[in-house]
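Presented below is the structure to which this report refers.
What follows draws every value from the coordinates through simple rules; no lab data is involved. Just so we're clear, the structure is a prediction, and the values are computed from it rather than from any experiment. Backbone-built Cβ (ideal geometry, glycine too); neighbour counts: all protein chains shown.
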Amino acid sequence: MAVEVTMPQMGADMTEGTVVRWVKQVGDLVNRGEIIAEIETDKATVELEAFESGIMRKQIVGEGETVPVGEVIAVLGADGEEMPEQVPAPRKQAAETPARRSVEPQAESPQPAAAGVTGDVAQDSAAKAPPPAVEEEAEHEELTPPAAGEKEPAGTGGKASAAAPAAPAAEGGARTRISPVARRIASDAGIEIERLQGSGPDGRILRRDVEAALASHRQEATGAPTPPAPVPARPAPQEAIPSRAVAQRPVVAGQQTLSRMRQAIARRMTQSKQTQPHYYLTLDIDMTDAMAFRKQINGSASEEQRVSVNDLIVKACALALERHPKFNAEFHENGLVYHDAINIDIGIALEEGLIAPAILHCGGKTLGQIARESKELVERAKSGHLHAEEYSAGTFTITNLGAYGVEALIGIINPPQAAILGVGTVMPQAVVRDGEVVAREMMKIALSADHRVSDGAEGARFIKEIQGFLENPVSLAL
Amino acid sequence: MAEMRMRDALHDALREEMLRDERVFLMGEDIGGYGGSYAVTRGLQTEFGPERVRDTPIAESGILGAGIGAALGGLRPMVEIMTINFSFVGIDQIINNASKFSYMSGGQFNVPIVIRMASGGGSQLGATHSHSLEGMYAHFPGLKVVCPSNAADAKGLLKRAFRDENPVIFIEHAALYGTKGEVPDDPDFLIEFGKASVLQEGTDVTVIGYSGSVHQAIRAAKLLEEQEELSAEVIDLRTLRPLDIETVVQSVKKTNRAVIVEDDWRFGGFGAELSAQIMERAFDWLDAPVARVSGKDVPMPYNRNLEFAALPSEEDVVEAVLAML
């Protein structure tokens, strides 16, 4: 049986993903667990593993295309199986109208029969599509509604660009958004809807887009002076009063479109501040012994084994979280969800933004393991090669700007987690010990916690615990 | 033609029908000596006497039952239910008796009763006194549901209601009683049921309303024209049963877009029925999903600002139109 590969949900807030690269090509044998594609989400590029074995029969989504979670992106066939005449189309296409079929012949064209036959199916069938012929001219005339009073020269403004032969909007047959009336007019006129660009909500192809294309076809066919265009639903954007109807605003000087990472950060941080009531506790930690301990360990360690200050903090937090599970929980209306695993996200600054992947299962890991894994994690985060679990399974976050000399950092909780620890730099300070002013290596930490989950006194006990581990670093070695 | 308020147009319709047909009589709470809660029957008891303009106890089920009995017996009763909210108390008579006698008797009996009710919110009367139930009554086969939006239609449709052989639910939006319009003097001025009126022609979108919501539709059309250079066609359904779907479909075929405006709740409301019919009859002409601008899905709040927020506004209509472009 053919198996549909769908866009996976990697992370709770992922709604769509982009196929960056197909690792397996049509005809390739795919073993369960093998990487078949690289998927880009808001946050990272992750590798998509096959859940079933089979032969890659069809890539429904092309490289660079973005589709919603759950949409079919490829079809695998069983090993040795003859491909059926019709590959199951994406579920959304099941209710196609006849009109759609007539302009989208690939839905009915035979697929390559044997394994190993490669070739772009969509291209193959596109060649069989009836080209818009000149004899349809008369029909175009009929379709043009009387343009009383609202004439507009064709070939001006957005309409011209809509008519230009653009790259196929939906290579390989992803559902094209088109209104029923636009579909009917396009079908009657023999216009391929894949070649149209929609100007409506969510890029929907509207009547005006089809009519603009029709006008342009006619112009090409006759070479005659520009005839009056069909009545547009509304005037071309630049002639109209600026309104919300303009599908995509051009970016003006001084503005920058948001990257997907920027959008994700904006969305999540806003969600956090709007839904999670934060409380904040700060504390000074005497890191003198911890720094000495680290120096001792690193003295004999190889480069990979070297322990950073942050690794010490991760280990201290892991130990403290075991004793204070409320800070490793998340809030739901019907109760708190406590996580078994302690997965500590570490904030990593990237050129385009910020990402917080998790060191998984910190609870059972030694300081040495944590040190090795965090180094590797940072490298993979910077090259965009994280595993899905690493950036979706975090249960607590540490954000550390100590390396920049920042004294104190108060973080915003990374939803749906219950707390975040902000860490400042370690620096020598004059402090009083036994009535004497002495120089000690001090570090400020700040806990931001969700007040729906825990209260201040609980938070205080939690950071006191962290402090205790860091001030008695031998406990971190266990 | 004379300019008059909707309440006076309704008054004139009742008076003319009483003069025309002696079988016509009126029943209701406070309609006689007091002249009606909305002053529609003012002066009629003096003119026609307490036999033909009868004050009743506060007992909607009883008034409606008596009216239905009188209709079965050959009279032409008009029962006024003070507001549509109180019709809940008498609804068994309307649904189980008035709407069904003709069917259940195989056409041997019919119930030519006119039931008038004031409807709608917007006057801070709270959750239990602000219903818009036009759609609910339109749900039942056997009832005609009439809901005028202006004085002339109110008169022509009410006069027409008295000539119907079957029960007519005649719904008057309380906020419209004082609105003025030109009304024909002709005592035979009738408006057929099932004929929507196109109040304004347009090319870009069809905005459909009934009763009070027609006015939001008209104001929205004006805003669309002034602010967005869009041309809206405005349709007043006038009667929900029978429904003039043909006029709506013809308009949608021209504009390719439809927005339905209703005071009623959205979920399972009349707009849902109309939207489905447009989709069934004009799918291949639609350039966008049919939009509904409805009352918010909550019992009507008492607070003035919240009540405004709960009712559809012309800005909501404009927003719905812009979202389809």
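Checking the cross-link filter: which lysines have an alpha carbon closer than 30 Å to that of A:K58, excluding same-chain neighbours under 8 positions apart?
Correct list for A:K58: A:K24, A:K43, A:K92, A:K128.
Give me the one-decimal nm value for the distance between modelled label points at A:A457 and A:D13, 7 Å along each residue's Cα-to-Cβ direction.
That separation, rounded to one decimal, is 3.4 nm.
For A:F396, B:F25, what ranking results if the residue with the fewest other Cβ atoms within 10 Å of its Cβ goes first? Mind dumping the intermediate values first?
Values: A:F396 26, B:F25 20.
Least crowded to most crowded, the residues run B:F25, A:F396.
Among B:H129, A:H385, what is the fewest-to-most ranking by other Cβ atoms within 10 Å?
Listing B:H129, A:H385 from fewest to most nearby Cβ atoms yields A:H385, B:H129.
Along the three principal axes, how long is the stretch B:2-183 when you take its alpha carbons, biggest first, rounded to the nearest angstrom?
In descending order, the Cα extents are 44, 37, 30 Å.
Based on the Cα atoms of chain B, what semi-axes does the equivalent ellipsoid have, where each is the square root of 5 times one gyration tensor eigenvalue, given in whole Å with the largest first?
Semi-axes (√(5λ), whole Å): 33, 20, 19.
Just give me a number: lysine pairs in the stretch B:169-296, eight or more positions apart or cross-chain, with C-alpha atoms less than 22 Å apart.
For the stretch B:169-296, the number of qualifying lysine pairs is 6.
So if R0 is 51 Å, what FRET efficiency would B:T128 and A:R175 give, r being the distance between their Cβ atoms, rounded to the nearest 0.05?
0.65
Would you please name the trypsin sites (Lys or Arg not before Pro) within the stretch A:12-74 that are DSSP coil residues with at most 16 other C-beta atoms within 10 Å of their C-beta?
In loop regions of the stretch A:12-74 (DSSP not H, G, I, E or B), the sparsely surrounded trypsin sites (Lys or Arg not before Pro) are A:R32.
Evaluate peptide B:278-286: per residue, the Cβ atoms of other protein chains within 10 Å of its Cβ; return the mean as an integer. Numbers along the way, then the final one.
Numbers: counts 0, 1, 0, 0, 2, 4, 9, 6, 7.
Taking all residues of B:278-286 together, the mean is 3.
Which residues in the stretch A:347-376 place their backbone N less than 18 Å from a point set 7 Å from the Cα of A:R267 along the Cα-to-Cβ direction?
Residues passing the 18 Å test: A:353-357.
For the stretch A:260-477, what does the convex hull of the Cα positions come to per residue, in cubic angstrom?
Numbers: hull volume 27.3 nm³, N = 218.
Hull volume over Cα atoms, normalised by residue count, gives 125 Å³.
For the stretch B:232-325, what is Rg from Cα atoms divided by 2.2 N^0.38 Å, rounded to two decimals?
1.12
Just tell me which lysines come within less than 26 Å, Cα to Cα, of A:K444; anything on the same chain fewer than 8 places away is out.
By straight Cα distance, A:K444 reaches A:K273, A:K295, A:K315, A:K326, A:K365, A:K375, A:K464.
Per-residue ellipticity at 222 nm for chain B, helices alone: DSSP H runs ≥ 4 residues times -39500 (n - 2.57), over residue total, nearest 500 deg cm²/dmol?
So the helix-based figure for chain B works out to -10500 deg cm²/dmol.
Treat the count of other C-beta atoms within 10 Å as a stand-in for reagent exposure and order B:C147, A:C362, A:C317 from fewest to most.
Sorted ascending by nearby Cβ count, the order is A:C362, A:C317, B:C147.
What are the ³J(HN,Hα) couplings of the stretch B:189-199, residue after residue, when phi is run through the Karplus curve with 6.51, -1.76, 1.60 and θ = phi - 60°? Round to Hz, x for glycine and proline.
Result, ordered by residue: 6, 10, 10, 5, 6, x, 10, 6, 10, 8, 7 Hz.
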